[in-house]
Amino acid sequence: MHSISLVKTWLTIIVLSVVVACSPAQQVEQQTQLNGNTMGTYYVVKFYSKAAVDQTALQQAIDKALEQINDLMSTYRPDSELMRFNRHASSESFALSEQSRIVIAEALRLAEQTDGVLDITVGPLTELWGFGASGRVEHAPSDEDLAAARALIGYNKLTLAGNQLTKSVTGLAVDLSTIAKGYGVDQVASILQDYGIENYLVEIGGEMRIKGEKPDATPWKIAIEKPVNAERSVQRILQTGDMGVATSGDYRNYFEQDGVRYSHLLDPRTGKPIQHRTVSVTVLHPSCMTADGYATALNVMAADEALAFANRYNIAALIVVKTDDGFTELASDAFKPFLTE
């Protein structure tokens, strides 16, 4: 189902199954799993609960919450709140729902912190380079077309005051795909908490929130996928504890022209696809929404710049860089405690 625009390709984060051993006399909590579709991808919820849970009511609550996020923030739904703002040609303010306000406020905070590396107004560039709703292109855009698109972008052309959002340039549009999936994960986690569930794993298209542990006191384990096209293999296994996890990568969504590889990850500072050798970034943060935004921003930055930024702001980040003979990892200081190998 089409919903929130998939501007970036997300690495799959694999949940590792752990077999729980018990004696026949013990009553062991059974893992419950709920699945569904949302935001152009899938969701998976796994949890353990000693108390009985009405699974039908829980899944209905999850589906309703995710459907509401789509109705607010999708770029594939013409009547979504976000698309109504994007068509709003006036410089007068536009009233946002509380959920949209929360997401846009965090996106603007990260934009300011990253000096515009994370920019939710890059939609015109995304379309121009063939990674948006209009579909692929066969050739890189001309300098003239690039300049025209760049004139329509810039997070500093947006002003958020309370729930009122204004744009200073007619034609400026917002795309929340770099952060909305993480927000959806956080909302599902909140619903589980409301149902008294304290041991869970929530995933939407690779972005995750983890809390608690399994009945035998073993932690949830996840694996970061190796960033290669030809196979599905594990780059690293993690035990994150209670944390949001987001991974951004550029190795599956690109096009080539005259031997040049054009990534779907665009640098708003140049208006062009990234050209460095970072292939994926994984970020851990209590908020999956925030981890989601940071993962994209750090993947847009060159590896050294990303590592320095992560250390400056105490962000737990693992940066995977392609080398001539494989891959190398750069871990920020805040990420190193999570490295178990």
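Some points to look at:
- Built amide H within the under 5 Å cut-off of residue 280, gap 5+: 320
- Counting charges near residue 313 (Lys, Arg +1; Asp, Glu -1) among other residues having Cβ under 15 Å from its Cβ returns a value of -3.
- Cut-off 12 Å between beta-carbons: net charge of the residues surrounding residue 285, Lys and Arg +1, Asp and Glu -1: -4
- Highest mean packing comes first when the peptides 96-104, 45-53 are listed by Cβ atoms within 10 Å, giving 96-104, 45-53.
- Filter on 181/322; 64/272; 157/336 - keep pairs with C-alpha separation over 31 Å: 64/272; 157/336
- Amide H contacts of residue 199 (H built 1.01 Å from N, under 5 Å, at least 5 apart or other chain): 48
- Phi angles of the stretch 67-78 translate, via the Karplus equation with coefficients 6.51, -1.76, 1.60 and θ = phi - 60°, into HN-Hα couplings of 5, 5, 4, 4, 4, 8, 10, 6, 9, 9, 10, x Hz per residue; Gly and Pro are given as x.
- Cβ-defined net charge surrounding residue 241, 10 Å radius [Lys, Arg +1; Asp, Glu -1]: -1
Any read-out appearing in this document is the output of simple, stated calculations on the displayed coordinates, not a laboratory observation. From a predicted model like this one, the values you see are computed outputs, not experimental measurements. Cβ coordinates were reconstructed from backbone atoms using ideal geometry, including for glycine residues, and neighbour counts include every protein chain displayed.
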